[in-house]
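The values are calculated or read from the model by the stated rules, or taken from the named source; none is laboratory data. What you see is a predicted model, and the numbers here were worked out from it, not measured in a lab. We place every Cβ from the backbone using ideal geometry, glycine too, and count neighbours over all the protein chains shown. Ligands, DNA and RNA are excluded from the accessible area calculation, which covers all protein heavy atoms including side chains. Shrake-Rupley method; radii C 1.70, N 1.55, O 1.52, S 1.80 Å.
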Amino acid sequence: DIATFVHDNWGYLLGNVIKNCQNHTFCATDPNSDQLYAVSVTEDPQNIHYQRILDEITFLTYLANEDLTSVCEPVRSLNNGQYALRCGTIIVCVFGWPKGNPIDISSYQWITDKNIIQAQGVWLAKFHNLSAKFSSIASDITYRMRRWNYNCEDLYPIHEDALSLYELSDSPHPPAAGIIHGNVTVSNLFVSGDPLSLSSVGFRWDRLQWAWFELDIAQCLLAIVMLHEAGPQEGEELPGTPVDPLQVEDWLVGAYEAVRGPGSVNRARLYRMLQLRKIMCGRAAALDRESGDVSAELGWPGGAELVVRWLARARPQGWQGPPEERGILFAEGPPPHQVCSYGPLPDQCYDLFCPPCAARLPLLLLHGGFWRPQYDRMHLRSLAAHISGADGGRCVALVEYRRVPGLPQAASSDLLSAATHLQTHCQGFQGRFIVAGHSAGGHLAIWLAAHLPAASVGGVLALAPVLDLQLAERLRLDDDAVAAFLGGRAVDMPEMNPRLMAAVLRERKVRVEVLHGDRDLRVPVEMSREVAGEWQGQGVS
């Protein structure tokens, strides 16, 4: 009985449910003062949310202590002073009631009132400044915080690109990523005064996540942009002038940058974040989710109808349905001319694609898949076959290698053995050849070129490579793929990190080409840009 539990531990009288989404929120009253409180109830039958909630409360308490006055502070229980208590399979927390009054959503004032929009920008900027400060003093909590794409796994594909949570360490602007609110929607805002000002961001702080700060700003713009693209419902009239998302964006970003500084909002990234929010809504509709989930994302009760209208009418550029999933990694291409073994184990082999007349340098090709055992070379057979027949023809050896979690030496030793076997048994590889690889294979291609005899390497082609294992580990790419591959910390295995191989590549005069798409869904293109630029500065060709 939640009502009895709340009364016994906080002394409050439980009222009605006021929000239903990931958590359930009730109102409650202090019988001695009639003061209102918000009670958050989280279902946790598998005991996986308690630490997250404690981290969220620690963050909220920090914000309140730093005078972010619009935060609804957590309330300690009377019995043991804790903020979060278990009641069977649920977790109960109590928070102060928001100051001010909720925005009248039906009046649409929230899309035309410059004061409200600018107040959101100012609040977000102050919040993000404190978030960046918190991350520097509580890195353990920040690291544990849910990543943006794990909040709604079935709606945001886990590999979704746009965020690639990468930040330049020498950026002249304030830190660009940190803990964000994740749900600054119109239904979560409380205002007061005349003219209106933002007094609280209330109730729901259950979507705290680690992301680009622009994702918060995009959330503020989402419903306005979609309303502009979809138009009003039949017979519905919007107040004032037509909705102008660009004007709203200028008001919001201008107020934000007045606090955080000019250039603190990356407009290109903001548009990508907005596109992510749209993708979420489209996926929700495609998955036939209950309307409450979509309305919650947009932040108003008409949200579900707006999504349906937007999908039917607008289909704006950029929405092309869910992005491609990983099925391509399990596709099989044409059979090779020959499969050769360079060792006794099943994964110690390579496919040979050799045309009758090979006029160009041969190519040793390495597949990716974040070093995971389930992803093998088969999906690159089509590419290998195409390369072997193009531009006058060349021999291509598509190498398989062992992918043993926690044992990177299995892969590295296999690649050296495969190269030696090719040079000994395949006439096309007895001279110089190119080493190429994709993703994790790009990482291994750099490693292999740095360890083969210099005279045999005719160059390296790294396609969307993982060039910095320490950075990839910090960004937790592909659900901590680096840690799974290495079985330890990247800092303790510098010999496996391509970024640290510049001196060897320069001494061997190995020419390196890095090819990386700027819409990569898995490995941030910024990693390649930074490492390649660093290598050039160190004399790597």
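Some observations on this one:
- Annotation: of all residues in segment 65-82 being open to solvent by less than 50 Å² (accessible area, probe 1.4 Å) and of a type outside the set (Val, Ile, Thr), the one that is farthest from THR4 (Cα to Cα) is LEU68.
- Any hit, segment 21-29, residues being open to solvent by less than 20 Å² (accessible area, probe 1.4 Å) and modelled with pLDDT under 90: yes
- Long-range neighbours under 7 Å by Cβ, at least six apart or interchain, first residue open to solvent by 80 Å² or more (accessible area, probe 1.4 Å) within segment 503-520, second assigned to a loop (DSSP other than H, G, I, E, B): ARG506/GLN538; ARG506/GLY539; ARG506/VAL540; LYS509/SER541; ARG511/SER541; ARG519/ASP161
- Tallying residues that are hydrophobic (A, V, I, L, M, F, W, C) and farther than 30 Å from SER139 by Cα within segment 448-501 yields 11.
Table: residues versus (1) more than 30 Å from ASP250 (Cα to Cα); (2) polar (S, T, N, Q); (3) touching a strand residue (DSSP E or B) at 6+ places or on another chain (Cβ under 6 Å).
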{"site": "VAL17", "(1), (2), (3)": "yes, no, yes"}
{"site": "ASP30", "(1), (2), (3)": "yes, no, no"}
{"site": "THR42", "(1), (2), (3)": "yes, yes, yes"}
{"site": "GLN51", "(1), (2), (3)": "yes, yes, no"}
{"site": "ASN79", "(1), (2), (3)": "yes, yes, no"}
{"site": "GLN82", "(1), (2), (3)": "yes, yes, no"}
{"site": "THR89", "(1), (2), (3)": "yes, yes, no"}
{"site": "LYS99", "(1), (2), (3)": "no, no, yes"}
{"site": "GLN109", "(1), (2), (3)": "no, yes, no"}
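- For segment 451-478, filtering for residues that are open to solvent by 50 Å² or more (accessible area, probe 1.4 Å) and among the hydrophobic types (A, V, I, L, M, F, W, C) leaves 2.
- At least 1 residues being closer than 17 Å to GLY368 by Cα is the threshold, and among the helices (runs of 4 or more DSSP H) wholly inside segment 461-524 those reaching it are 469-474, 477-486.
- Filter pass, ARG394 being surrounded by 17 or more Cβ atoms within 10 Å (Cβ to Cβ), among the basic types (Lys, Arg) and under 12 Å from TRP371 (Cβ atoms): no
- The one condition from (1) over 18 Å from ILE224 (Cβ atoms); (2) in contact with a Ser or Thr (Cβ under 8 Å, 6 or more places away or on another chain) that ILE103 does not meet is (1).
- Residues that are on the phi < 0 side of the Ramachandran plot and either without any contact (Cβ under 8 Å) to a residue 12 or more places away in the chain or small (Gly, Ala, Ser) (or both) within segment 457-473 comprise GLY458, ALA462, ALA472, listed in sequence order.
- Residue list for segment 489-502, filter: open to solvent by less than 30 Å² (accessible area, probe 1.4 Å) and either aromatic (Phe, Trp, Tyr) or touching a residue at least 40 places away in the same chain (Cβ under 8 Å) (or both): MET496, PRO498, MET501
- Single condition GLY193 does not satisfy, out of (1) surrounded by fewer than 13 Cβ atoms within 10 Å (Cβ to Cβ); (2) closer than 27 Å to TRP110 by Cα; (3) modelled with pLDDT under 70: (3)
- Scanning segment 236-295 for residues that are open to solvent by 60 Å² or more (accessible area, probe 1.4 Å) and over 26 Å from the mean Cα position of the chain (by Cα), we see that the one that is modelled with the highest pLDDT is ALA258.
- Where LEU60 falls short, out of the listed (1) touching a helix residue (DSSP H, G or I) at 6+ places or on another chain (Cβ under 8 Å); (2) open to solvent by less than 10 Å² (accessible area, probe 1.4 Å): (1)
- When segment 335-370 is filtered for residues that are over 22 Å from LEU461 (Cα atoms) and open to solvent by 40 Å² or more (accessible area, probe 1.4 Å), the ones remaining, listed by number, are PRO335, HIS337, GLN338, VAL339, SER341, PRO344, LEU345, PRO346, ASP347, PRO356, CYS357.
- Flag if ALA138 is modelled with pLDDT of 90 or more, farther than 18 Å from LEU222 by Cα, in contact with a Leu (Cβ under 7 Å, 6 or more places away or on another chain) and open to solvent by less than 20 Å² (accessible area, probe 1.4 Å): no
- Among the strands (runs of 3 or more DSSP E) confined to segment 1-115, the ones with at least 2 residues that are in contact (Cβ under 8 Å) with a residue 12 or more places away in the chain and touching a His at 6+ places or on another chain (Cβ under 6 Å) are located at 36-43.
- Hey, LEU486 out of contact with any strand residue (DSSP E or B) (no Cβ under 7 Å at 6 or more places or on another chain) and touching a residue at least 12 places away in the same chain (Cβ under 8 Å) or not: yes
- Flag for VAL504 being out of contact with any Ser or Thr (no Cβ under 9 Å at 6 or more places or on another chain) and among the β-branched types (Val, Ile, Thr): yes
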